[in-house]
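Novice: Handing you a structure now.
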Amino acid sequence: MNLLLNPDHEFCQEVLAALGTAASLASVDDQGYSLVAINDLGRTYFGLSPIDGITKLNLENMQRLTGSTLRSTEAYLARLHSNYKRVVDSGMQQITETDYLTAEGETRWSRNVLTPIMQAGCVVRLFVTFLDMTELKTTQHTLEKSLSSLVGGLVHYCDSCQKVESEDGQWQTITQYMSSVSPERMFSHGMCPACADKFQLDDDP
């Protein structure tokens, strides 16, 4: 018999506690979904209060467990139910990524592996493991922002006349362009050594 099919909440808690990763166990019935057990790693990760028995996964209980706002709890619960339903309907393992808002207002990301537990050909429980993706998502966001800034900073210029295209599509000299994007910058005119030498050669009889 699958240990995770045991009806006793305390027994399932002990099974999950032996795991080295954040994990939870949910049951499925005609009334919806219930949280059967969640280990300390999972509870700490999501900032949940301890559960003292099988707990219905409804809005009231989720708010009590998380201490989050109504809006963030509603959104998270809707995604949770949607993910669970996909596993129940397909009978197959699903991997999802979920963001949620903590009671402190911090957005966290988790990668979730939802595994169906079958009995008599039906999904009766869901074993879920969580991996904290917050740091990775933050790094990804920073890289995307940097890339966007880099691409946005590209300047089009004419290879023939060396004029620069402004944001409104006007072609300007480099002096005009730089003055428009950086009005505080002052320009002085001179001649580089190579051009000075060429100018001198052109003037020789």
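Novice: For region 71-105: of the residues being acidic (D, E) and either closer than 20 Å to G47 by Cα or touching a Ser or Thr at 6+ places or on another chain (Cβ under 6 Å) (or both), which is modelled with the highest pLDDT?
Specialist: Taking region 71-105 as the starting set, the residues that turn out to be acidic (D, E) are 74, 89, 97, 99, 104.
In the following step, the residues that additionally are either closer than 20 Å to G47 by Cα or touching a Ser or Thr at 6+ places or on another chain (Cβ under 6 Å) (or both) were identified as 74, 97, 99, 104.
Details: E74: 84, E97: 89, D99: 83, E104: 76.
Checking each candidate, the answer is E97.
Novice: Within region 143-166, count every residue that is exposed (fewer than 10 other Cβ atoms within 10 Å of the Cβ) and modelled with pLDDT under 75.
Specialist: Count: 6.
Novice: Would you call G20 over 22 Å from E106 (Cβ atoms) and loosely packed, with under 13 Cβ neighbours inside 10 Å?
Specialist: yes
Novice: Just need a number here: residues in region 125-141 that are surrounded by fewer than 17 Cβ atoms within 10 Å (Cβ to Cβ) and assigned to a strand (DSSP E or B). Step through it out loud before you land on a result.
Specialist: Step one: of region 125-141, the residues surrounded by fewer than 17 Cβ atoms within 10 Å (Cβ to Cβ) are 131-132, 134-136, 138-141.
With assigned to a strand (DSSP E or B) added as a condition, the list becomes 131-132.
Residues that pass the stated criteria total 2.
Novice: Got a number for residues in region 1-57 being charged (D, E, K, R) and either closer than 19 Å to T98 by Cβ or part of a strand (DSSP E or B) (or both)? It would help to see each step written out before you state the result.
Specialist: Initial filter on region 1-57 (charged (D, E, K, R)): 8, 10, 14, 29-30, 40, 43, 52, 56.
Those still in the list that are either closer than 19 Å to T98 by Cβ or part of a strand (DSSP E or B) (or both) too: 29, 43, 56.
Total meeting the criteria: 3.
Novice: Is one or more of the residues making up region 190-202 assigned to a loop (DSSP other than H, G, I, E, B), exposed (fewer than 10 other Cβ atoms within 10 Å of the Cβ) and at pLDDT 70 or above?
Specialist: The initial filter retains those residues of region 190-202 that are assigned to a loop (DSSP other than H, G, I, E, B), namely 190-192.
Now restrict to residues that are exposed (fewer than 10 other Cβ atoms within 10 Å of the Cβ): 190, 192.
Then keep just the ones that are at pLDDT 70 or above; that gives 190, 192.
The answer is yes; a qualifying residue exists.
Novice: Right, here's the next one. I'd like to know if region 107-116 contains one or more residues that are surrounded by 14 or more Cβ atoms within 10 Å (Cβ to Cβ), modelled with pLDDT of 85 or more, closer than 30 Å to T44 by Cα and β-branched (V, I, T).
Specialist: yes
Novice: Now for a separate question. How do the pairs read when you match residues in region 113-136 that are under 19 Å from L35 (Cβ atoms) with residues anywhere that are assigned to a strand (DSSP E or B) and acidic (D, E), using Cβ under 9 Å and keeping only pairs 6 or more apart or on different chains?
Specialist: Within 9 Å, the pairs are V124/D29.
Novice: Mind checking which pairs have a first residue in region 170-181 that is closer than 13 Å to Y157 by Cα and a second that is in a helix (DSSP H, G or I) and modelled with pLDDT under 80, Cβ under 8 Å, 6 or more apart or different chains?
Specialist: Between residues of region 170-181 that are closer than 13 Å to Y157 by Cα and residues that are in a helix (DSSP H, G or I) and modelled with pLDDT under 80, the close pairs are Q172/S180.
Novice: Would region 23-44 turn up any residue that is out of contact with any Leu (no Cβ under 6 Å at 6 or more places or on another chain) and among the aromatic types (F, W, Y)?
Specialist: The answer is no, given that none of the residues of region 23-44 is out of contact with any Leu (no Cβ under 6 Å at 6 or more places or on another chain) and among the aromatic types (F, W, Y).
Novice: Quick check on region 77-90. Is at least one of its residues in a loop (DSSP other than H, G, I, E, B) and assigned by TED's automatic domain parsing to the domain that holds D30? So that I can check it myself, show each step before the final result.
Specialist: Looking only at region 77-90, we keep the residues that are in a loop (DSSP other than H, G, I, E, B), and these are none.
The answer is no; no qualifying residue exists.
So that you can scan it fast, the table gives a plain yes or no per residue for (1) surrounded by 18 or more Cβ atoms within 10 Å (Cβ to Cβ); (2) among the β-branched types (V, I, T); (3) farther than 18 Å from T115 by Cα; (4) not assigned by TED's automatic domain parsing to the domain that holds M133:
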| site | (1), (2), (3), (4) |
| --- | --- |
| D8 | no, no, yes, no |
| L16 | yes, no, no, no |
| L25 | yes, no, no, no |
| D30 | no, no, yes, no |
| D40 | no, no, yes, no |
| I54 | no, yes, yes, no |
| L59 | no, no, yes, no |
| E74 | no, no, yes, no |
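Novice: Might you check whether a residue that is in contact (Cβ under 8 Å) with a residue 60 or more places away in the chain and hydroxyl-bearing (S, T, Y) occurs anywhere in region 67-80? Lay out the reasoning, then the answer.
Specialist: First, the residues of region 67-80 that are in contact (Cβ under 8 Å) with a residue 60 or more places away in the chain: none.
Taking every residue of region 67-80 in turn, none turns out to be in contact (Cβ under 8 Å) with a residue 60 or more places away in the chain and hydroxyl-bearing (S, T, Y).
The values are calculated or read from the model by the stated rules, or taken from the named source; none is laboratory data. The shown structure was predicted, so the numbers you read here are calculated from the model rather than taken from an experiment. Reconstructed Cβ throughout: ideal geometry from the backbone, glycine too, with neighbour counts over all protein chains shown.
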